[in-house]
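Chemist: Let me begin by handing over the structure; questions about it come next.
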Amino acid sequence: MIAAHRFNQILLALLLGLTAVWLVVPFTMAILWSLVDPSEPWTADRLVPPVMSFYRWQDMWENSSLKVALVNSYLLAPSAAIAALMLSMPTAFALGRIRFPGREVAKILALLPLIVPPFVTSIFFTSLLYQLGLNTWRFGAILFAHAIVFMPYAIRIMTVSFEQVRSDHIDAARDLGASPWARWKVAYLPALKPGIFASLLIVFIQSIEEFAIAFIVGSPDFTTIPTLLYGTLGQDFVRPNAAVLSLILVVPNVLLMLILERLLKSANPALSSGKG
Amino acid sequence: MGGISARNLRMEFDGFVAVRDVSFEVASGEFVTLLGPSGCGKTTLLKMISGFLTPTAGDILLAGRDVTRTPPEKRDTALCFQSYALFPHLTVMENLEFGLRQKRVAAADRKERLDAVIGNLDLSLHLSKLPNQLSGGQQQRVALGRALVMRPSVILFDEPLSNLDAKLRDQVRIEIRRIQRDFGLTAIYVTHDQAEALAMSDRVFVMNGGRIEQSDTPEDLYGAPKTSFVADFIGNANVLDAEVKSVNGAGIVELSTPIGLLRAACSGRPQGSKIRICWRPEHANLAATGENRLSARVTHRAFQGHFTDLHLNEGGADYRVQTNMPGIREGDTIAFSLRPDQIVLLETVA
Amino acid sequence: MTLKKWLLVLALLAPGLGLIVGLIGVAVYIAVAQSFGYYNLSGESGFSLDFWSDMLARKVFNRAVVYSIYVGVISSVLAVMLAYPLAIWLRKPFPGSLTIGAILKAPLLVHGLVAAFLFINVIAYHGILNQFMQGLGIWDAPKRLQNDRAAIGVIILQVWKQMPFALLLLTGAVQSISDDVLNAARDLGAGGFARFRKVIAPLTVSAMQAALIIIFIGALADFSFQVIAGPTNRQSLSQLMVFFKSGGRWNDAAVVGVSLMIIAILGSGLLAAVTRMTMRGRLA
């Protein structure tokens, strides 16, 4: 027993050391780079940038497409979230509360978008748009695509939520003479609320982070934060600018994910993951 | 098969003492039950004997060898779990032979042991089934067989019958005892069910608050409990405070109690002047007019079939009496007597 | 099930599942169709095997196939191999286990592109790793680590990003094994590795399969890590596909896309089968 305890302590120390290397160092570098003032470049012989300022941040804000990208991303994400939720509700209701033959197959089919490689989806969705001549309203196209591609999360969470609505609550409401809307409010909504928030949040986060569809369908006119970051990592690689964008992408993300973790504990523990 | 020797065992968790200063000897082939309420330390003691806990202090010897720090996989013990703990992905046969394969027992020996156990426990029809295809009783037998087939020095049982229904419990209880005797295994059995303990064991260790309060044969525990805890835990008992008035040479002690003067038979002198005594409800004789005549008012009556349970009140305290006499109603005052040897002297009160 | 009920179910499924199947189905259909010559946006449409035969003969395509499979398999196997011991270690809570769990899962919160940037920042020519190694005297001069030929950078990124996901799946599976079953194995003489091989592995096979498959597909279809940190003389399948699309060669892109999907399915099936065989688990 004591040996196990000591082993744990050593491993803990090792892992904390590793964390320093794999989390703290990269992020510190990014922060430092974002603060580099262009008056003096940060050369290899200095440990920290010689002159630090928020110049880069200001510059990005004023002169690049950052403002546009921020607006686009933060308009797209909530819209996609709401759309995904609305579209998923009827399906989740059916999957969660009606027993029909083929229900398990239907549940698996709903996961289809997660299996098809994202670039395949985005390229051939674009192809479809061209065929239909609908390739002008980029925002709408991306919104639609996001809503569909992230719906599996909403369906999965809401199905579990619907399954948790207690039949005896519904029956009690009916027995006491409640109208369908009142039944909905008193028996369904309380059980669904955590799931609704969790779905909205998860689709929101996924949409903000999503790259393949935004890149293929959106470029070159429509930028989101990920595509902007991608752009700065390509030919016009200005390290400090890339650092600024990375931090803008990561920090809200971390906060949102933490909120999501807390929410998902009450909705569906198996889904607390996200992929970039 | 070996005996068990425990010396000054102590188990502490973060300041909480679960087992304090326990020492005992178990002879080879003996069936000993650890009996007590939840939290008394019996399961902790079992885990120390099986190796899943290392004692904070003290030693354990199995068949003469010090195994205090030996891990369970190297100890010659086999544990029958309360939850059966059958490997869900292995068939009954694979479950049974798991331990034998781990110890690399030779094929011929393995077959002989398995055949014996399968025959004894009537498992031949279930060998290729998975645990989730078996009933509770069948799973219990597989768990038993898996431990038995190891022919361990000591076989340990952690409340194995608590998940079975009453009828099955009786049957399996008999089987366990029969197999233990046939194979001459030393057995340590943990339960909180005193009827089970009395029926099965050679000796019972009654535990309370991390200590063994009394270790005796079931008959001695019932007839001669040493403390009020044991008296009340095993069967029912009426426990009273008493003051020693006199001791005469013929082994009779005179006691002053809240319900009157009593004369009790006692070998040796009582340790102090204020002690506790007890008598069993079924010893109250409503017919006789002998010594220790007492009377009390009936407050509650419950017909139990082979006897009637009467709750009495006298001198502000409650007592219980069992009788076959018909016609007694609540509110009646009854009289009964006790023989001196039916009054047991318990511990001294400070 | 009455007809009325079926109609109700189908109506309910339409906006959600229906759209999903519709969109994905159409995208896949177009990909397959374009690979066989239809919907040719730059020429004549009609059934043709030419695009397939041309592509299969192309060296860049075959190299991309081998390369993507290489990255896919190695990333998934490494990620799972790292996650298993960690999941077993974290099975029972101990002081600090929650913190470790959170730290190990942190990469899930970091966007892929950001991770790629942080990575190339650290291994840059004048970056901190080079300076560290030089400072310690291990290297005399900075080394060019970025865009290495063996795609180690890409694999490190994939493992960094995906291992927490494997950890999540495996932790759930490992924690569902009851203590008693593991204690019973110990009691019957099984040491640490024997317990893993005979009890833990068979009982967690499906979680392991799921982790391997999902990470494999993700690494196989990678685009961003490859473009930012990958070798310059190799292309991943997704990268190749995007390259063709941006050149207007939709049909060629389609061939690559369909190949990608086929490899994903076949690879997943193979991984699942191999896993099951090596673990030799047998759950009803």
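Chemist: Taking beta carbons within 10 Å but only from partner chains, what does the mean come to for residues C:186-197?
Modeler: Mean shielding by partner chains, rounded to a whole number: 6.
Chemist: Further, regarding this structure: Which of C:232, B:191 comes first, and how do the rest follow, when ranked by fewest Cβ neighbours within 10 Å?
Modeler: With the sparsest Cβ surroundings first, the list reads C:232, B:191.
Chemist: If you don't mind, another one. For chain B, what is one quarter of the convex hull surface built on the Cα atoms, given in nm²?
Modeler: 21.5 nm²
Chemist: Considering all alpha-carbon pairs of segment A:65-272, what whole percent are spaced by more than 28 angstrom?
Modeler: Above the 28 Å cut-off, segment A:65-272 has 37 percent of its Cα pairs.
Chemist: Can you tell which of C:87, C:48, C:29 lies farthest toward the positive end of the dipole of segment C:1-112, using +1 and -1 charges on the Cβ of basic and acidic side chains (Lys, Arg; Asp, Glu)?
Modeler: Of the listed residues, the answer is C:87.
Chemist: For segment B:268-350, compute Rh as the Kirkwood radius over C-alpha pairs and then the Stokes-Einstein diffusion coefficient at 10 °C and 1.306 mPa s; write the answer in µm²/s, rounded to an integer.
Modeler: The diffusion coefficient I find is 115 µm²/s.
Chemist: Additional query: Add -39500 (n - 2.57) for each DSSP H run of 4 or more in chain C, then divide by its residues: what number comes out at 222 nm, to the nearest 500 deg cm²/dmol?
Modeler: -22000 deg cm²/dmol
Chemist: Sticking with this structure for a sec: In 10 Å bins starting at zero, report the fraction of Cα pairs in segment C:98-213 per bin as a rounded %.
Modeler: All Cα pairs considered, the percentages come to 12, 27, 26, 18, 14, 2.
Chemist: Using only the alpha carbons of segment A:202-265, what is the convex hull's orientation-averaged projected area in square nanometres?
Modeler: Value for segment A:202-265: 4.6 nm².
Chemist: Of all the Cα-Cα pairs you can form in the protein assembly as shown, what percent are over 57 Å apart?
Modeler: In whole percent, the share of Cα-Cα pairs in the protein assembly as shown beyond 57 Å is 34.
Chemist: Below 8 Å, C-alpha to C-alpha, sequence gap of six or more: please give me the relative contact order for chain A in percent.
Modeler: 27 percent.
Chemist: Would you compute the Debye intensity of segment A:7-139 from its alpha-carbon atoms alone, equal scatterers and no solvent, and pass along log10 I(q)/I(0) at q = 0.18 Å⁻¹ to two decimals?
Modeler: -1.09
Chemist: Relative contact order, percent, of segment C:1-83 when contacts are C-alpha pairs under 8 Å separated by at least 6 residues?
Modeler: 12 percent
Chemist: Another one. Quick one: if you take sqrt(5λ) for each eigenvalue of the C-alpha gyration tensor of segment C:1-158, what semi-axes come out, biggest first, whole angstrom?
Modeler: After scaling each eigenvalue by five and taking roots: 44, 31, 14 Å.
Chemist: Note the angle between two axes, namely the Cα long axis of helix A:66-97 and the longest principal axis of the Cα atoms of chain A, as a number of degrees from 0 to 90, rounded to the nearest 10.
Modeler: For helix A:66-97, the angle is close to 20 degrees.
Chemist: So, one more: In percent, what relative contact order does chain C have, based on Cα pairs under 8 Å that are 6 or more apart in sequence?
Modeler: About 28 percent, as a whole number.
Chemist: Within the P(r) computed for segment C:188-227, what percentage of the Cα pairs occupies the region above 15 Å?
Modeler: I get 58 percent for the Cα pairs in segment C:188-227 exceeding 15 Å.
Chemist: What angle do you read, to the nearest 10 degrees and between 0 and 90, between the alpha-carbon axis of helix A:118-132 and the longest principal axis of chain A?
Modeler: So the inclination is approximately 70 degrees.
Chemist: Suppose every Lys and Arg Cβ carries +1 and every Asp and Glu Cβ carries -1, with no other charges. What dipole size does segment B:114-166 come out with about its Cα centre, to the nearest 20 debye?
Modeler: 180 debye
Chemist: What are the residues whose amide H is under 5 Å from the amide H of residue B:189, where those residues sit 5 or more places off or on another chain and H is modelled from the backbone?
Modeler: The answer is B:32, B:33, B:34, B:157.
Chemist: Which value at 222 nm does chain A reach when only helices count, each DSSP H run of 4 or more adding -39,500 (n - 2.57), with the total divided by all residues and rounded to the nearest 500 deg cm²/dmol?
Modeler: Helices in chain A give a 222 nm mean residue ellipticity of -23500 deg cm²/dmol.
Chemist: Among C:2, B:200, B:93, whose Cα sits farthest toward the positive end of the charge dipole of the protein assembly as shown (+1 at Cβ of Lys/Arg, -1 at Cβ of Asp/Glu, about the Cα centre)?
Modeler: In the protein assembly as shown, that residue is C:2.
Chemist: Given 37 °C and 0.692 mPa s, compute D for segment B:1-111 with the Stokes-Einstein relation, Rh being the Kirkwood radius over Cα pairs; round to the nearest whole µm²/s.
Modeler: 208 µm²/s
Chemist: Within a 10 angstrom radius of each residue's Cβ in C:92-103, how many Cβ atoms of other chains show up on average? Whole number is fine.
Modeler: 3
Chemist: Once phi is turned into ³J(HN,Hα) by the Karplus curve 6.51 cos²θ - 1.76 cosθ + 1.60 with θ = phi - 60°, what whole-Hz value does each residue of segment C:59-73 show in order, with x for glycine and proline?
Modeler: After applying 6.51 cos²θ - 1.76 cosθ + 1.60, I find 5, 4, 5, 4, 5, 5, 4, 4, 4, 5, 5, 4, 4, x, 5 Hz.
Chemist: On to the next question. Once you charge only the Cβ atoms, +1 for Lys and Arg and -1 for Asp and Glu, what is the size of the charge dipole of segment C:59-283 about its Cα centre, to the nearest 20 debye?
Modeler: 360 debye
Chemist: Which of the lysines could a cross-linker span from residue C:92 if the Cα-Cα distance has to be under 27 Å and same-chain partners fewer than 8 positions apart are dropped?
Modeler: Excluding near neighbours in sequence, the set is A:265, A:275, B:42, B:47, B:74, C:105, C:161, C:198.
Chemist: What number do you get for segment C:59-283 when its Cα radius of gyration is normalised by 2.2 N^0.38 Å, N = residues?
Modeler: Expressed relative to 2.2 N^0.38 Å, the Cα Rg reads 1.18.
Chemist: Give, as a single signed number, the net charge of other residues whose beta carbon lies under 12 Å from the beta carbon of residue C:171, with Lys and Arg counted +1 and Asp and Glu -1.
Modeler: Summing Lys/Arg as +1 and Asp/Glu as -1 gives +3.
Chemist: Then there is this: Write down the radius of gyration of segment A:124-181 and its Dmax, each obtained from C-alpha positions, in Å.
Modeler: My reading of the Cα-based Rg and Dmax gives 19.9, 55 Å.
Chemist: Convex hull over the alpha-carbon atoms of segment B:150-290: what's its volume per residue in Å³?
Modeler: Per-residue hull volume (Cα only) is 179 Å³.
Chemist: With a cap of 16 neighbouring Cβ atoms within 10 Å, and only residues DSSP puts in a loop, list the trypsin sites (Lys or Arg not before Pro) found in segment B:1-78.
Modeler: B:69
Chemist: For segment C:192-268, which chymotrypsin sites (Phe, Trp or Tyr not before Pro) pass both filters: DSSP loop (anything but H, G, I, E, B) and at most 15 other C-beta atoms within 10 Å?
Modeler: Sparse-neighbourhood loop chymotrypsin sites (Phe, Trp or Tyr not before Pro): none present.
Chemist: In Å and whole numbers, how far do the C-alpha atoms of segment C:157-216 stretch along each principal axis, longest first?
Modeler: So the extents along the principal axes, rounded to whole Å, are 41, 18, 15.
Chemist: In debye to the nearest 20, how big a dipole does segment A:65-272 give about its Cα centre with +1 on each Lys and Arg Cβ and -1 on each Asp and Glu Cβ?
Modeler: The calculated dipole for segment A:65-272 is roughly 440 debye.
Chemist: Given the convex hull over the Cα atoms of segment B:49-150, what projected area results after averaging over all orientations, in nm²?
Modeler: So the mean shadow area of the Cα hull is 7.3 nm².
Chemist: Show that you can apply the helix-only estimate: for chain B, add -39,500 (n - 2.57) for every DSSP H stretch of four or more residues, divide by all residues, and state [θ] at 222 nm to the nearest 500.
Modeler: Theoretical 222 nm ellipticity from helices: -7500 deg cm²/dmol.
The numbers here are math on the coordinates, done by the rules we state, and not lab data. Everything numeric here is computed off the predicted structure, so don't read it as measured data. All Cβ positions, even for glycine, are placed from backbone atoms using ideal geometry, and neighbour counts span all protein chains on display.
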